[in-house]
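Working notes for the structure below.
Every number in this text was worked out from the coordinates using simple rules, so none of it is lab data. The structure displayed is predicted, hence computed values, not measured ones. Here the Cβ positions follow ideal geometry from the backbone for every residue, glycine too, while neighbour counts run over all protein chains shown.
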Amino acid sequence: MNSKQVVLITGSSTGFGRLFTETLARKGHTVFATMRDPGGRNAKNASEIRALAEKDSLPIHILELDVTNDASVERAVDAAVAKAGRIDVAINNAGYYLSGLEEAVTTEQAQRLMDTNFLGPVRVDRAVLPHMRRQRSGMLMHVSSGAGRLVLPSAGFYCASKFALEALAEAYSYELAAQGIESVILQPGQYETSVFGNTVTAADQGRTDTYGPAREFPAKINGALSSTAGNAQEVADAVLRIIETPAGERQLRYFVSPQNFGVDEINAVAKQVQANVLEGFGLAADTKFLKGKAAGAV
Ligand SMILES: NC(=O)c1ccc[n+]([C@@H]2O[C@H](COP(=O)([O-])OP(=O)(O)OC[C@H]3O[C@@H](n4cnc5c(N)ncnc54)[C@H](OP(=O)(O)O)[C@@H]3O)[C@@H](O)[C@H]2O)c1
């Protein structure tokens, strides 16, 4: 793989996605910064990114990509491959937070969340994999969360979407290893982005009347998350380090957080248990499962 890579990022209009775009492009990596509706709702964000790319001669290309729409995902991936000839890294970053007691979350809200946070990466991975297979190299990166390992009350659906993403990404890591394609999971803790402003609130508040003090969970959790949020550039720097780590030497999981709740310990125990499971099912050799590789810090 060339040391300068071709990277497609979802959800690049704001927050992590936008920082990843600039951080990677400044190091010479070609970035397809994708977003919903760059000519409409994200016109201002898109034109700021274009202006930055022009001013500093950065290799950034903006493409439209809505992760909830199969055709939109395929169009963007095809356009990136047509322009750059390859995709080395796909960063599944688009996502949002849904806050509220679980009973107050409507089925439609739950479906919409899963459609973005889980099925979005399903679509992107399926669209890029044929190209990575042709290249016999590539990396699927999945932006999960500490909440992909921990459960916060009033964040159950968000946690479920990230737990689901972790399962998909980990299964891919075993299945794809022999083809030279890696699947990695990034688990950020709480960081300052637009995530708090973009949070969706559970709609059926009438269901919470009997919950007593538990009704305060969403406000308490949201207040604690936003007041302890770190500088998001830390996460972008971690992504750069992961991308610049030689293929074959990357870990499955990377936890990056301003607070350590013990997620690294969960990852370490899970790594050991997974090793036992794969060995127990006679799959250790076929999955190229190497004990040192499944978890760790950047
Ligand atoms: N910030 C944190 O503390 C934190 C911690 C752990 C994990 N994360 C995860 O990090 C990722 C990025 O979040 P962020 O913190 O950077 O928040 P953010 O600033 O709100 O960014 C979220 C991005 O996702 C995009 N998006 C939402 N739905 C989309 C769709 N259907 N198609 C394409 N793009 C879509 C948004 O685009 P629009 O502008 O079009 O809405 C936006 O660009 C998310 O997966 C989030 O769960 C964040």
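Quick notes on this structure:
- Here Ser72 clears all of (1) in contact (Cβ under 8 Å) with a residue 24 or more places away in the chain; (2) out of contact with any Ser or Thr (no Cβ under 8 Å at 6 or more places or on another chain); (3) within 12 Å of the ligand (Cβ to nearest atom) except the condition numbered (1).
- The residues listed here are Asp125, Asp66; of these, the one that is surrounded by fewer than 22 Cβ atoms within 10 Å (Cβ to Cβ), without any contact (Cβ under 8 Å) to a residue 60 or more places away in the chain, within 16 Å of the ligand (Cβ to nearest atom) and assigned to a loop (DSSP other than H, G, I, E, B) is Asp66.
- Residue that is farthest from the ligand (Cβ to nearest atom) [pool: residues in the stretch 184-194 that are farther than 14 Å from Asn231 by Cβ and either among the β-branched types (Val, Ile, Thr) or assigned to a strand (DSSP E or B) (or both)]: Val184
- Within the stretch 245-285, being among the β-branched types (Val, Ile, Thr) and touching a helix residue (DSSP H, G or I) at 6+ places or on another chain (Cβ under 9 Å) holds for Val256, Val263.
- Meets criteria (exposed (fewer than 13 other Cβ atoms within 10 Å of the Cβ) and either of a type in the set (S, T, N, Q) or part of a helix (DSSP H, G or I) (or both)) for Gly197: no
- When residues of the stretch 137-161 are limited to those that are in contact (Cβ under 8 Å) with a residue 60 or more places away in the chain and within 9 Å of the chain's Cα centre (by Cα), the one farthest from the ligand (Cβ to nearest atom): Met141
- Glu103, sole failed condition from (1) near the ligand (Cβ under 10 Å from one of its atoms); (2) closer than 20 Å to Ala147 by Cβ; (3) among the charged types (D, E, K, R): (1)
- In the condition set (1) more than 18 Å from Ser194 (Cα to Cα); (2) in contact (Cβ under 8 Å) with a residue 40 or more places away in the chain; (3) within 15 Å of the ligand (Cβ to nearest atom); (4) touching a helix residue (DSSP H, G or I) at 6+ places or on another chain (Cβ under 8 Å), Asp115 is compliant with all but (4).
- Residue in the stretch 210-232 that is crowded, with 22+ Cβ neighbours inside 10 Å, within 11 Å of the ligand (Cβ to nearest atom) and of a type in the set (A, V, I, L, M) present: no
- Residue count, the stretch 207-223 (criterion: over 30 Å from the mean Cα position of the chain (by Cα) and not charged (D, E, K, R)): 5
- Cβ-Cβ contacts under 6 Å between residues 6 or more apart (or on different chains), taken from a first residue in the stretch 31-44 that is under 11 Å from Thr10 (Cα atoms) to a second residue that is part of a loop (DSSP other than H, G, I, E, B), are listed as Ala33/Ser12; Thr34/Thr10; Thr34/Ser12; Thr34/Leu65; Met35/Ser12; Met35/Ser13; Met35/Asn42; Arg36/Asp66.
- Residues located in the stretch 14-38, provided they are among the polar types (S, T, N, Q), surrounded by fewer than 24 Cβ atoms within 10 Å (Cβ to Cβ) and within 9 Å of the ligand (Cβ to nearest atom): Thr14
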